[in-house]
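Take a look at the structure set out below.
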Amino acid sequence: KQEVTQIPAALSVPEGENLVLNCSFTDSAIYNLQWFRQDPGKGLTSLLLIQSSQREQTSGRLNASLDKSSGRSTLYIAASQPGDSATYLCAVDFDGGTSYGKLTFGQGTILTVHP
Amino acid sequence: DTEVTQTPKHLVMGMTNKKSLKCEQHMGHRAMYWYKQKAKKPPELMFVYSYEKLSINESVPSRFSPECPNSSLLNLHLHALQPEDSALYLCASRLGQGGGEQFFGPGTRLTVL
């Protein structure tokens with residue numbers, strides 16, 4: 001069964017810290033991996049998409065890496081701010097041969113950045 | 001413009017009602033999705049439409065009926081729902097087959113009484 005796991009489940013840090021969120025997946029045959037953030041009661045905001053042929057992607061203070069051989073991805077957030085507080089979700093599009101974009105989500109990491 | 005819109009934002013319905021959720025995008029995307037999200041859980045895929053054809057149905061009960069009238073619009077028709085169907089319903093879209101970023105709408109908060 002194809003599964004996605006996120007560690008830690010929750011993280012609380014002081015403002016200004018650099019932090020790493022972890023995502024692991026059970027099958028190395030993937031199309032891509034996408035990181036999202038979700039604020040309470042809201043929809044998902046796409047942060048970064050990493051194609052299976054890529055090793056990392058960067059957007060502002062965010063950097064996501066992908067290691068297919070070990071089944072891992074990390075999201076690095078530099079100089080965290082209270083506005084970064086949200087749930088972060090990792091989602092994998094496993095290569096099932098159809099490429100319809102069926103995403104399998106991890107359970108998420110709840111991030112709290114306190115002033 | 002990377003926007004997916006959903007209406008209504010909130011919906012309260014009884015178990016005998018018929019209602020519909022609407023999703024719209026004008027990004028030229030040809031794949032559209034319905035997800036269901038319960039509190040403190042990740043989204044779960046319900047349906048996938050690819051080029052206006054239903055491509056994936058994740059064994060969703062027939063009281064949920066999707067419809068894709070055109071490439072920009074996706075509906076979810078609801079009938080005889082149960083209280084356990086109360087959830088946040090999310091719509092998403094992406095360019096088409098072969099990978100790519102999925103963009104999500106803000107969701108419809110559904111409460112079934």
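Looking only at region A:14-42, which residues are touching a residue at least 40 places away in the same chain (Cβ under 8 Å), loosely packed, with under 15 Cβ neighbours inside 10 Å and among the small types (Gly, Ala, Ser)?
Of everything in region A:14-42, those that are touching a residue at least 40 places away in the same chain (Cβ under 8 Å), loosely packed, with under 15 Cβ neighbours inside 10 Å and among the small types (Gly, Ala, Ser) turn out to be A:Gly16, A:Ser28, A:Ala29.
For region B:1-38: of the residues being at pLDDT 95 or above and part of a loop (DSSP other than H, G, I, E, B), which is farthest from the other protein chains (Cβ to nearest Cβ)?
B:Pro8
Considering (1) modelled with pLDDT under 95; (2) surrounded by 15 or more Cβ atoms within 10 Å (Cβ to Cβ); (3) not in a strand (DSSP E or B), say which one B:Pro42 fails and leave the rest.
(1)
Among the numbered criteria (1) touching a Phe, Trp or Tyr at 6+ places or on another chain (Cβ under 9 Å); (2) surrounded by fewer than 17 Cβ atoms within 10 Å (Cβ to Cβ), which one does A:Gly108 miss?
With respect to (1) touching a Phe, Trp or Tyr at 6+ places or on another chain (Cβ under 9 Å); (2) surrounded by fewer than 17 Cβ atoms within 10 Å (Cβ to Cβ), A:Gly108 is out only on (2).
When only residues in region A:12-61 that are among the aromatic types (Phe, Trp, Tyr) and out of contact with any Lys or Arg (no Cβ under 9 Å at 6 or more places or on another chain) count, which is farthest from the other protein chains (Cβ to nearest Cβ)?
Looking at residues that are among the aromatic types (Phe, Trp, Tyr) and out of contact with any Lys or Arg (no Cβ under 9 Å at 6 or more places or on another chain), I get A:Trp35.
Just for region B:62-113: of the residues that are among the acidic types (Asp, Glu) and more than 14 Å from chain A (Cβ to nearest Cβ), which one is farthest from B:Tyr33 (Cα to Cα)?
B:Glu84
Does A:Gly96 qualify as being more than 9 Å from every other protein chain (Cβ to nearest Cβ) and at pLDDT 95 or above?
Details: more than 9 Å from every other protein chain (Cβ to nearest Cβ): yes; at pLDDT 95 or above: no.
No, not satisfied.
Condition check: more than 15 Å from the chain's Cα centre (by Cα) and at pLDDT 95 or above. Does A:Ser69 satisfy that?
For A:Ser69, the condition - more than 15 Å from the chain's Cα centre (by Cα) and at pLDDT 95 or above - is not met.
The values are calculated or read from the model by the stated rules, or taken from the named source; none is laboratory data. The structure displayed is predicted, hence computed values, not measured ones. Glycine also receives a Cβ, built like all others from the backbone with ideal geometry; neighbour counts cover every protein chain displayed.
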